[in-house]
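The values are calculated or read from the model by the stated rules, or taken from the named source; none is laboratory data. Given the structure is predicted, the values throughout are model-derived calculations rather than measurements. Cβ atoms come from the backbone with ideal geometry, glycine included; neighbour counts cover every protein chain shown. The accessibility values were calculated without ligands, DNA or RNA, using every heavy atom of the protein model including side chains. Shrake-Rupley method; radii C 1.70, N 1.55, O 1.52, S 1.80 Å.
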Amino acid sequence: MAPRGHLGHRRGARPSAGGRRRAHDPRGRSTVRARLPTTVALCVYGAAGLLTLLGLGWTLWHGVHEAGIALAFGGLVAVGELARWGAGGSDREPAPLGAAGALAYALLGEVGGRPTHHGVFQVIAVVVAAALVGAVPHVALGKGPALDHVARRVLTVGFAAACFQPLYNAGKLGEWVGQGPAFAAVIVALLVLTALCDAVLAAAMAHARTLWPFGPLLRDELRAMLGIGSAVCATGAVMALAVAVAGLWALPVFSLPLLLTQLSFGRYAAVRTTYRQTITSLARSTEIAGYTPQGHARRVAALSRAVGRELGLSTPDLAVLEHAALMHDIGQLSLVDPVPAGATAALPDAEQRRIALLGGAVVRQTGVNGDVAVVVERQADPYRDQPLTARIVRAANAYDEMTRGEGPTGPLNALERLRLGTGRDYQPEVVEALARVLSRGGHSLPPAG
């Protein structure tokens with residue numbers, strides 16, 4: 001739906017040159033704000049690179065302790081990397097078997113009842129070398145692992161090994177907890193700490209890359225630990241404990257469940273991709289029929305998702321928001337004659353709501369999540385009666401409508417008009433979040449039609 005024709009003045013708003021400066025000022029400040037996240041990313045990469053050099057150098061100088069054990073775990077990590085899914089590291093853990101094998105080696109103290117003597121640096125060296133071997137075919141196909149994932153793997157495995165290996169090799173861990181259930185509890189506790197470390201690193205790297213708020217990113221990472229992350233940690237713990245009792249034969253036995261879990265996640269990801277492609281195709285129907293301009297739905301969806309991120313929406317809410325934004329104009333297919341440029345500002349409020357309700361009915365018949373239909377249905381209501389997702393779609397859609405064909409001053413004028421409309425049509429917090437997103441350039445939008 002397009003913005004309403006009437007824009008009420010917000011109480012205390014001053015649509016003057018000061019308002020224009022407020023719209024422009026964030027562009028200068030965004031450069032300053034970006035320096036800290038960039039520094040964080042460089043520090044993470046630098047720390048991972050330094051640990052890698054130290055691990056490889058130490059291992060080459062002193063040789064490999066228990067070469068057979070190192071080869072077995074290195075082979076497991078390499079197989080895990082070969083079986084990775086996705087490209088470019090879009091998944092939180094694209095190589096779960098490799099991650100579990102690396103964690104198991106980092107927390108390994110015995111093999112078949114015999115103590116091991118590998119240290120922290122050898123753990124890092126074996127994991128890095130095996131990961132590189134397993135990644136060769138993916139790199140050859142142009143689908144190598146993302147640098148973020150590589151850095152996180154090195155740092156988290158190094159963290160787990162540094163917490164366990166020195167204490168175990170010095171005999172302190174045995175003195176404190178023995179070899180019974182308490183020892184297994186220590187292994188589990190270390191894996192939980194390692195998972196928390198990985199979540200913090202993942203959120204920090206995503207913040208550095210996108211400048212999205214750190215808090216919601218960390219919350220999403222912690223929530224993701226309940227999925228494949230918990231399976232990785234549990235498999236790593238079981239492998240380390242089982243190998244200590246049964247020997248290296250336990251590795252293939254306990255790798256199979258995680259491989260099956262990975263296969264299930266891969267199928268789920270394929271279904272999710274097909275689902276989104278269906279929604280995207282439905283969204284294009286209004287463009288193909290000539291009711292809306294080319295790229296309008298994609299621009300509104302990209303901008304809505306960025307604003308939702310800025311406001312701290314969870315990953316499930318962001319998915320609903322993006323899908324609703326893609327399909328927000330589908331009700332226009334009910335019109336006998338298309339509205340010029342798809343803009344319905346000249347239509348009466350009742351007609352706008354009728355189109356929105358028809359759009360929601362279409363969405364419900366497609367089998368899409370009912371929450372998406374609610375957002376589509378409610379987008380023409382007064383903003384105080386809308387859910388937050390509908391408020392975001394409404395503001396993003398209005399911005400795209402207002403900037404179309406307006407030239408270089410279009411974005412500035414559109415933001416000013418949105419601010420003036422916060423008395424009735426747009427939530428002030430949503431408009432300010434939109435302004436912050438635009439000032440950073442922290443979103444990717446198709447070119448305006």
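Observations on the model:
- Förster radius 45 Å - calculated FRET efficiency between Ala361 and Trp58, Cβ distance, rounded to 0.05: 0.10
- Mean-position separation - Cα centroids, segment 295-312 and segment 132-203, in angstrom: 36 Å
- Using a Förster distance of 51 Å, the FRET efficiency for Thr39-Leu71 (Cβ separation, nearest 0.05): 0.85
- Extents of segment 123-234, largest first, come to 48, 35, 21 Å (Cα atoms, principal axes, whole angstrom).
- Sulfur and carbon atoms: percent of accessible area, segment 80-184 [1.4 Å]: 67 percent
- Estimated FRET transfer efficiency when R0 is 45 angstrom, pair Thr210-Leu132 (beta carbons, to 0.05): 0.95
- A 1.4 Å probe, protein heavy atoms only, puts the accessible area of Phe214 near 80 Å².
- Virtual spin-label span in nm between Gln277 and Ala350, 7 Å along Cα→Cβ: 4.4 nm
- Shape category assigned to segment 283-332 from the gyration tensor of Cα positions, a/c cut at 1.5: prolate
- Convex hull volume per residue, computed on the Cα atoms of segment 178-280, equals 123 Å³.
- Positive contributions from Lys and Arg (+1) and negative ones from Asp and Glu (-1), summed over other residues with Cβ under 14 Å from the Cβ of Gly49, come out at +1.
- If the segment from Arg384 to Arg284 were pulled out straight at 0.36 nm per residue, it would be longer than the present Cα-Cα gap by 33.0 nm.
- The heavy atoms of Ile69 offer some 20 square angstrom of accessible surface to a 1.4 angstrom probe.
- Put simply, the convex hull of the Cα atoms in segment 255-405 casts, on average, a shadow of 10.2 nm².
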